[in-house]
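The structure appears right after this line, and notes come after that.
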Amino acid sequence: MKSSIVVPIQDVTTVSPFSPDDDIEVNFEKAAQAGYDGIELAITDPTHIDKRKITKLLERYKLEMPAIATGQAYKYENISLMKAIERMKQHIPLARELGAVIIIDLIRGEKKNKYSLEFLVDTLRICASFDHKVRFVLEPINRYETELINTVDEALNVINIIGRENIGILFDTFHANIEESSIKKSLQKVNGSLLYVHIADSNRWAPGYGHIDFSEISRVLSNIGYQGFITLESLPKPSYINCLQESAKYIKEL
Ligand code: LER
Ligand code: MN
């Protein structure tokens, strides 16, 4: 069996004895001297590598390159978002045909870094520009699930920066109960940008089994003229039947 070892060439990884700060040739030489048959090159950005140099060095040290590790791009550049854009684009035909909104929930990622806001704005802008008839909704999600966009204010900031009509907000009562100082006021703030609503009680049980005041929510929704759907997104608690059947009635009554 042939052996190989990870060599990062642009950004640090904890899973290799090599540092990208050292000369690439020195690292290749060390790997060869240690007896490895190959190296798995961890490349963050393939557009910034000297392919000819790599090929030559591999030849010189009689090393193969059985794999390219790409995870550095996620770690250092949040590049997975680009994959998500492609996926979002693939959602568009069905969404357009049925008039469904496309939800930007955890697909946006959960870790925050200095680029996150910029990336979110840029990628959402791209998503929304594919088809102006298809609407995207950004959902504030509580801090225990993501660091990115927990509150209505944060979501409004993003959609205001983008400034397109086909991006709005999904208001989820469960998350709002955790993150907002007042559910009523936050809903009023969203106002015309509200395109979709998720409903669950404070414990994420079916509505009516926690302490969220849904009649107040209902009043605000009607005051701001919300005409869209209210979608149950709750744990199947206290029971499957409560969740499925009672909630249908509950939402209609609201
Ligand atoms: C998605 O709509 C949502 O609310 C998240 O909590 C899912 O984990
Ligand atoms: Mn939700």
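Remarks
- Cα point-scatterer Debye curve for the chain, base-10 log of I(q)/I(0) at q = 0.15 Å⁻¹: -1.00
- Accessible solvent surface per residue of region 101-254, calculated while the other protein chains remain in place, 1.4 angstrom probe, Å²: 51
- HIS198 long-range amide H proximity, modeled H, under 5 Å: PHE171, ASP172, THR173, THR231
- Cα-based shape type of region 61-114, given that a ≥ b ≥ c are square roots of the gyration tensor eigenvalues and the cut on a/c is 1.5: oblate
- As a ratio to 2.2 N^0.38 Å, the alpha-carbon radius of gyration computed for region 8-148 takes the value 1.40.
- Accessible area ranking (1.4 Å probe, heavy atoms, ligands and nucleic acids excluded), largest first, for LYS111, LYS30: LYS111, LYS30.
- Carbon and sulfur %, accessible surface of region 22-170 computed with the full protein complex present, 1.4 Å: 52
- Theoretical ellipticity at 222 nm over the chain - DSSP helices of four or more residues, -39500 (n - 2.57) apiece, nearest 500: -12000 deg cm²/dmol
- Counting charges near ASP22 (Lys, Arg +1; Asp, Glu -1) among other residues having Cβ under 14 Å from its Cβ returns a value of -4.
- Qualifying chymotrypsin sites (Phe, Trp or Tyr not before Pro) for region 171-254 [loop in DSSP, other Cβ within 10 Å: at most 15]: PHE229
- Between the residues LEU235, ALA95, PRO207, the greatest Cα displacement towards the positive end of the dipole of the chain, with unit charges on the Cβ of Lys, Arg, Asp and Glu, is found for ALA95.
- Heavy-atom accessible area for ASP213, with the other protein chains in place and a 1.4 Å probe, reaches approximately 70 Å².
- Taking 0.36 nm per residue of separation and subtracting the current Cα-Cα distance, fully stretching the chain between THR47 and LYS185 would add 44.9 nm.
- Solvent exposure of region 26-70 as accessible area per residue, Å², 1.4 Å probe: 63
- Label-to-label distance, nm, for residues given as ARG143 and SER222 (7 Å Cα→Cβ offset): 3.5
- Remark: the chain carries a charge dipole of roughly 520 debye about the Cα centre, counting +1 on each Lys and Arg Cβ and -1 on each Asp and Glu Cβ.
- Estimated distance in nm for a label pair at LEU106 and SER19, the labels positioned 7 Å out from Cα along Cα-to-Cβ: 3.7
- Cut-off under 5 Å, modelled amide H: who pairs with ILE104 long-range: VAL137, LEU138, GLU139
- With respect to the chain, whose longest principal axis is taken over its alpha-carbon atoms, helix 116-129 is tilted by about 70°.
- Between region 213-247 and region 43-95, the C-alpha centres lie 44 angstrom from each other.
- Amide N of region 55-98 lying under 19 Å from the label point, which is placed 7 angstrom from the Cα of ILE126 along Cα→Cβ: 70-93
- FRET E, pair GLU154, ARG87, Förster distance 25 Å, beta-carbon r, rounded to 0.05: 0.65
- Long-range HN-HN contacts of GLU40 with modeled amide H, under 5 Å: ILE5, VAL6, VAL7
- Cleavage-rule hits (chymotrypsin sites (Phe, Trp or Tyr not before Pro)) in region 1-108: DSSP loop, at most 13 neighbouring Cβ within 10 angstrom: none
- The length gained by stretching the chain between MET65 and MET1 to full extension, at 0.36 nm per residue less their Cα-Cα distance, is 21.6 nm.
- Considering only ASN78, TYR36, GLY168, the residue lying farthest towards the positive end of the dipole of the chain is GLY168, judged by Cα position with unit charges set on Cβ.
The values are calculated or read from the model by the stated rules, or taken from the named source; none is laboratory data. Small disclaimer: the values here were computed from a predicted structure and weren't measured. Cβ: placed from backbone, ideal geometry, glycine included. Neighbour counts: every protein chain shown. For accessibility, only protein heavy atoms count, side chains too; no ligands or nucleic acids. Shrake-Rupley method; radii C 1.70, N 1.55, O 1.52, S 1.80 Å.
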